[in-house]
Each structure stands twice: as C-alpha cells, then as structure tokens.
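The values are calculated or read from the model by the stated rules, or taken from the named source; none is laboratory data. All figures in this text were calculated on a predicted structure; none of them were measured in a lab. Positions of Cβ are backbone-derived with ideal geometry, glycine not excepted, and every protein chain shown enters the neighbour counts.
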Amino acid sequence: MQTWIALLRGINVGGKNLLPMKQLVALLEEQGCRDVKTYIQSGNAVFRSDENDATVLADTISLEIQSKHGFQPQILLLTLRDVEKAIAANPFPVAEDEPKTLHLFFLADQPDAADLNRLEVARADSERFELQKRVFYLHAPKGIGRSKLAARAENFIGVPMTGRNWRSIRKIAEIAREIE
C-alpha cells in the first residue's frame, strides 16, 4: 500500500471550485483510499492507496470530483520521499524562520525549456528563486501576493505547477510520516 500526498490545484480559492475537506475525505474513501487526512482548506490530502500509479490515481480522483462537484482540478500526487527530498534540497535555509515567505512549487513534469532569463527579469530585488528538476523554490520576503515572479513563473517554466508555503509543506510531510 502506497502513501500519497495529493496537492489539488485551485480549489477553495476566491469562492470558486468549492470542495469542503470533509467531502474530499469522503470522495477519497469512496475511491478505496484509507487513513485519509487533510490539511487546511486549500486542497492538501494525505492517504494510503493500493494504486501505485500516480497518473491513474490522480485522473480517477479528478474525474470523480468533476462528476460530483462540477469542476476538474489538476491533482499532483507525490510520495513522502518526493516531499522529503524537496525539503532537504531547500536552497534558502535562512528563509525557514519565516515560513510564509518561502514557497515550493511542485511541477507536473520536468520542464524541457524553462526560460530562466524571463524568471530573472520578473524577479523583484528582494526575491530569490531556484528551479531544481520538478520543484521551483521561491523566497519572497515581501509576500507572494504581490510577487510578479510568482504570478508568471508557470508561464516561464512551461509546466503546470502548484505551490505551498514552507509551513504547509512541512506539516503535510509530518502527516504523511504519521500515516506511513
């Protein structure tokens, strides 16, 4: 049985694509997932499943959400090992003391031709970023809400991605460790 971390993209944001976590838990359990736990309302779930193929499982869950809730979110499934490797590889350890300023964006695929020059041009003087395979790290000390880099990064990287702040990703990993 595999422990999965599901990062659902774009749910419960600005009153759109509403999916209460209790309903997400029930939906995952209906799909045979066990030990389902969620973290905050932004679409983070940890569970165990007999399905070992991340693509098959993500597609199944996404289609079930479409069927029951009328929208089809992109779902990125990660293992605890994936998340722990991303945490360990954090290029900005000094930012860990202010966890809301450090974000990890997990990419659906490894980019073929990320435009690092355009990322650099969009970066504010206070911001730092690094792209490592399937994780884009962004330290935005003045906040992500005002960051032009955060708003444009997906276009410049060329791969769908979803981000979580340092505090959230650490808590999600902790939940996965407890389940595993």
Could you count how many residues in the range 85-133 are in contact (Cβ under 8 Å) with a residue 24 or more places away in the chain, assigned to a helix (DSSP H, G or I) and either of a type outside the set (A, V, I, L, M) or within 26 Å of Ala54 (Cα to Cα) (or both)? 4
Please verify whether Ala151 is crowded, with 19+ Cβ neighbours inside 10 Å and assigned to a helix (DSSP H, G or I), treating the condition exactly as stated. no
From the set of residues in the range 35-56 that are surrounded by 15 or more Cβ atoms within 10 Å (Cβ to Cβ) and over 16 Å from the mean Cα position of the chain (by Cα), which is nearest to Ser168 (Cα to Cα)? Val36
Can you give me the number of residues within the range 129-163 that are of a type in the set (D, E, K, R) and touching a strand residue (DSSP E or B) at 6+ places or on another chain (Cβ under 6 Å)? 3
Checking Ile11, Ile75 in turn, the sole residue that is surrounded by 15 or more Cβ atoms within 10 Å (Cβ to Cβ), among the β-branched types (Val, Ile, Thr) and modelled with pLDDT under 95 turns out to be Ile11
For the range 25-47, what are the residues that are within 23 Å of Trp166 (Cα to Cα) and touching a strand residue (DSSP E or B) at 6+ places or on another chain (Cβ under 9 Å)? Val36, Lys37, Thr38, Tyr39, Ser42, Gly43, Asn44, Ala45, Val46, Phe47
